[in-house]
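Structure first, then comments.
The values are calculated or read from the model by the stated rules, or taken from the named source; none is laboratory data. Note that the coordinates shown come from a computational prediction; the quantities given were computed from them, not determined experimentally. Neighbour counts run over all protein chains shown; Cβ positions are idealised from the backbone, glycine included. The protein model used for the area step is the full one, side chains on, heavy atoms only, and it has no ligands, DNA or RNA in it. Shrake-Rupley method; radii C 1.70, N 1.55, O 1.52, S 1.80 Å.
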Amino acid sequence: MLFIVATAFKTFKPNKVEFQIPDGWPKPHFDFKKSPLTKEGIYLGRKLFYDAILSVNNTISCASCHLSYTAFTHVDHALSHGVYDSIGTRNSLAILNVAWSNSFMWDGAINHIEVQALAPINHPLEMGEELPNVVQKLQNEREYPRLFNAAFGDSTITGQNLLKALAQFQLTFVSSNAKYDKVVRGEDAFTEQEERGYKLFKAHCNSCHKEPLFTKNQFANNGLPIDSTLNDVGRMGISLNAEDSLKFKIPTLRNIEFSFPYMHDGRFRKLSEVLNHYQKGIVQSPTLAKELRNGIALTSNEKVDLIAFLLTLSDKEFLFNQELAFPR
Amino acid sequence: MYKGLKSTFFLCVGIFLLISFSSSNSGELKFLVTYNGQPLVLNDTLLDEDSNQFTISAFRFYVGEIKLFYNEFEVGYDSNYHLIDIEKPQSQSLIFNTDKPLKFNKVEFVLGVDSATSNSGAMGGDLDPTKGMYWTWNSGYINFKLEGRHAKCYSRNKEFAYHLGGYASPFATAVAVRVPVKNGEVSFELSDFVNELQFNAEPRVMSPGIRAKSLSKTAATCFK
């Protein structure tokens, strides 16, 4: 009886986790002062991320399209699929280094990491569920009220806390220990081929895929011919501004080795196809990135060197981090 | 002596009238919704100005940054956002916690959620996304939601849905409202909004844009 009383009066004391900014990296966009990370919040987010309870028929979880071993994206699928074998309209993006992002999704429809999960949860071709139903399902599960209480001091589950927990977990997806990073820190050295590739990268790719995040977190039209089966106008669909026609989010190149297929509709299966596009496949348009007006001149050898460099962006520590994988 | 009594009597009547015609309230602001002056009842059959039948199945909107005034003096302030939902009558009554009775005859508020809040991630309370007033496909709040059926709609089941939202320039839809208050009540006269709608041509407005912005401005003028 005394034990029950004692636990009833246990104070809510989550364990704060300090977000580590890699050396030399810019400040994150996310306000960690306003929404600090806690061990309990991250753990709850992790359980939710891998739980298909978020979907209408309990078959699709976040991890279904965002698998940790493949840069938190969905490989081998040009367009992601969801409940009832539905096929969506876009390729899933790699979730990594999101603390530095100021918008989410290929068209930037989402303005804050905390509200991103609403899009796939609600989309009929992804998880097809309504948020109030998710909250109710979780409330009826044996362990979730306890986990929510540990993370937020309240065993009554709310949409807000569910979203905040998912965000906390995703904010921990920091990839900063690829071979490239070790070279920059002086802990390793590029091979001659990788060094040539890095020079080519800095000459031709760095303006959009800016180091160290390998994206400048903006939208661009990279000259892809429009796919008439999708007619995806990208950012313009959200901003309603003609200047944004055919512009899509510049994705990170980190772990690009593992995040195939490439582009917003997954049209390229191999990196060589991507480079061929930049070399000779660019379609001119008023909104085309100015850096691509004349394409990118690359010889066959240069393409191989560039790909060798891109492979140095693979961060095996991140990809195989068991703290980010399915919770046991 | 008799004359003095008479003037005292009239003085008392005068004071009484003064008190009863000034707004003296106990810190409660009520948002009423009327159609042609009558309280709106969900799913009741109504007639529009061309005598077409229609029903309202849902009506809710956000109000925030509420300032109460007595003449030109600010006497009360609530920075929180409240979801006024006619399906939940308790939501239509906002209590201001004060130690002495609150007297006010004007109110200023914002119809809709501002841009800063719309960029702040997952919010709670009346702003929790489980309230069905948040766009999952395009971050931002639905400031004003009116749903129902109208005889002239060509849509499935003759249903109409006006979800007015959007915070990004130039399609920001949150609007400031300033209206007098009688007996602590503000009324939203729905007929003024319904008369602006084109049920036969446009049964749905469900994304940010020119139309949402224009209808939001119209909605703001319906408060009386």
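What number of residues within segment A:180-199 satisfy the criterion of being touching a Lys or Arg at 6+ places or on another chain (Cβ under 9 Å) and either part of a helix (DSSP H, G or I) or aromatic (Phe, Trp, Tyr) (or both)? Going through segment A:180-199 one residue at a time, the tally reaches 3. Residue count for segment B:190-211 under the criterion of being touching a Ser or Thr at 6+ places or on another chain (Cβ under 6 Å) and surrounded by fewer than 19 Cβ atoms within 10 Å (Cβ to Cβ): the result is 1. Only residues that are of a type in the set (S, T, N, Q), within 13 Å of chain B (Cβ to nearest Cβ) and part of a loop (DSSP other than H, G, I, E, B) were counted across segment A:102-144, and they come to 3. For the criterion of being in contact (Cβ under 8 Å) with a residue 40 or more places away in the chain and either open to solvent by less than 10 Å² (accessible area, probe 1.4 Å) or more than 14 Å from chain A (Cβ to nearest Cβ) (or both), B:Glu147 passes. Considering only residues that are open to solvent by less than 20 Å² (accessible area, probe 1.4 Å), among the acidic types (Asp, Glu) and more than 13 Å from chain A (Cβ to nearest Cβ), which ones fall in segment B:108-142? Listed by number, the list is empty, since nothing qualifies. Can you tell me which residues in segment A:202-231 are assigned to a helix (DSSP H, G or I) and within 24 Å of A:Gln284 (Cβ to Cβ)? Selection gives A:Ala203, A:His204.
Per the conditions (1) in contact with a strand residue (DSSP E or B) (Cβ under 9 Å, 6 or more places away or on another chain); (2) free of Cβ contacts under 8 Å to residues at least 60 places away in the same chain; (3) under 19 Å from B:Ser191 (Cα atoms), the sole criterion not satisfied by B:Phe61 is (2).
Taking the stated definitions as given, is A:Leu147 within 14 Å of chain B (Cβ to nearest Cβ) and either touching a residue at least 24 places away in the same chain (Cβ under 8 Å) or not in a loop (DSSP other than H, G, I, E, B) (or both)? Full working, then the answer.
Numbers: within 14 Å of chain B (Cβ to nearest Cβ): no; either touching a residue at least 24 places away in the same chain (Cβ under 8 Å) or not in a loop (DSSP other than H, G, I, E, B) (or both): yes.
Judged against the criteria, A:Leu147 is not a match.
For segment A:252-282, give me the residue count where each residue is touching a strand residue (DSSP E or B) at 6+ places or on another chain (Cβ under 9 Å), in a helix (DSSP H, G or I) and open to solvent by 30 Å² or more (accessible area, probe 1.4 Å).
Quick first cut of segment A:252-282, residues touching a strand residue (DSSP E or B) at 6+ places or on another chain (Cβ under 9 Å) only: A:255-256, A:258-264, A:268-271, A:273-274, A:276-277, A:282.
Cutting the leftovers down to in a helix (DSSP H, G or I) gives us A:256, A:258, A:271, A:273-274, A:276-277.
When the remaining residues are screened for being open to solvent by 30 Å² or more (accessible area, probe 1.4 Å), the result is A:258, A:273, A:276.
Number of matching residues: 3.
Quick check on A:Ser92: is it more than 26 Å from A:Tyr69 (Cα to Cα), assigned to a loop (DSSP other than H, G, I, E, B), small (Gly, Ala, Ser) and open to solvent by 10 Å² or more (accessible area, probe 1.4 Å)? So A:Ser92 fails the test. Against the test of being free of Cβ contacts under 8 Å to residues at least 12 places away in the same chain and open to solvent by 20 Å² or more (accessible area, probe 1.4 Å), the options B:Asn157, B:Asn80, B:Asn105, B:Asn97 yield a single qualifying residue, B:Asn157.
Counting the residues of segment A:298-326 that are farther than 21 Å from A:Asn97 by Cβ, open to solvent by 10 Å² or more (accessible area, probe 1.4 Å) and in contact (Cβ under 8 Å) with a residue 12 or more places away in the chain gives 8.
When A:Ser245 is tested against the conditions (1) away from every other protein chain (no Cβ under 14 Å); (2) open to solvent by 40 Å² or more (accessible area, probe 1.4 Å); (3) of a type in the set (Gly, Ala, Ser), the lone failure is (2). Residue count for segment B:165-189, restricted to those that are free of Cβ contacts under 8 Å to residues at least 60 places away in the same chain and open to solvent by less than 60 Å² (accessible area, probe 1.4 Å): 6.
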